[in-house]
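Reading through the structure tokens given below for one structure.
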Amino acid sequence: MGTLSYIQMVLWSFFGIRRRAAAGEELAKVKPLVLVAVALVLAAVFGLTLWTLANVAVHLLGN
């Protein structure tokens with residue numbers, strides 16, 4: 001499986017809109033350590049994006 005497949009799996013799981021049959025087939029093919037690493041990186045990117053947007057909003061509205 002490629003990196004894009006791992007990213008797609010993690011993003012679908014973040015939103016919770018994955019069919020159970022399709023998820024089961026893919027989970028049989030993945031490497032758990034890679035899947036966890038991709039999930040942590042995407043969660044960090046999401047958190048940093050929210051933090052950055054909040055800081056931009058505070059600085060723009062604070063002036």
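The values are calculated or read from the model by the stated rules, or taken from the named source; none is laboratory data. If you're wondering where the values come from, they're calculated on a predicted model, not measured in any experiment. We place every Cβ from the backbone using ideal geometry, glycine too, and count neighbours over all the protein chains shown.
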For residues that are assigned to a helix (DSSP H, G or I), loosely packed, with under 10 Cβ neighbours inside 10 Å and either modelled with pLDDT under 85 or among the aromatic types (Phe, Trp, Tyr) (or both), tally how many sit in the range 1-24. 3
For Leu50, state whether it is over 16 Å from Gln8 (Cβ atoms), in a helix (DSSP H, G or I) and at pLDDT below 95. no
